[in-house]
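J.: Mind having a look at this structure? Questions to follow.
The values are calculated or read from the model by the stated rules, or taken from the named source; none is laboratory data. From a predicted model like this one, the values you see are computed outputs, not experimental measurements. As a convention, Cβ positions derive from the backbone with ideal geometry for all residues, glycine included, and neighbour counts pool all protein chains shown. Accessible surface areas use protein heavy atoms only, side chains included; no ligands, DNA or RNA. Shrake-Rupley method; radii C 1.70, N 1.55, O 1.52, S 1.80 Å.
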Amino acid sequence: MAARSVRVRLDGATESDVGALHKWLEREKPLDELVRAGKLQIHERPRTDADETGTPMGVDLEIVVTVLETTVLLVEVVDLVRRAVDAWKRNRSQVEDGAPPQVSVDREGPAEPVVPEDRAAPEGREDPEPGQADRRDTDDGDPPVARAEG
């Protein structure tokens with residue numbers, strides 16, 4: 001399986017900002033539970049775009065949340081990380097002077113969503129593209145829903 005991960009980039013951030021957000025993500029309950037279960041890993045690395053676009057303002061680091069288990073959906077992790085980043089930015093605005101850095105949360109990995117085997121489409125039917133309606137039969141009688149791309 002190709003690595004599936006969420007990249008968190010901070011523009012105009014200090015090393016302290018990167019470290020604080022990293023710790024914040026590790027302490028967010030849903031992410032912490034997945035890390036403790038061995039399903040996620042959170043680490044810092046040099047920014048992958050530094051050579052492409054020149055040196056960004058601030059620190060040349062990004063945070064990466066890597067999904068280690070196929071039972072964890074990447075779109076769910078992207079949503080958890082985005083909510084945690086929003087909460088961190090609100091908190092930082094209250095406890096520190098100046099505006100928080102600009103933060104982007106992007107998914108890395110395969111272009112198609114990776115669906116665990118127990119949630120895969122029945123044989124002969126394909127999963128819809130992200131943003132398209134899921135037309136699989138449902139047990140709950142609800143109409144088809146659009147899948148969001150993470």
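J.: Taking the range 71-95, which residues are part of a loop (DSSP other than H, G, I, E, B) and either open to solvent by less than 70 Å² (accessible area, probe 1.4 Å) or closer than 20 Å to Asp11 by Cβ (or both)?
T.: Answer for the range 71-95, where residues must be part of a loop (DSSP other than H, G, I, E, B) and either open to solvent by less than 70 Å² (accessible area, probe 1.4 Å) or closer than 20 Å to Asp11 by Cβ (or both): Val72, Leu73.
J.: All but one of (1) assigned to a loop (DSSP other than H, G, I, E, B); (2) modelled with pLDDT under 90; (3) not basic (Lys, Arg) hold for Gly38, so report the exception by its number.
T.: Only one criterion is unmet by Gly38, namely (2).
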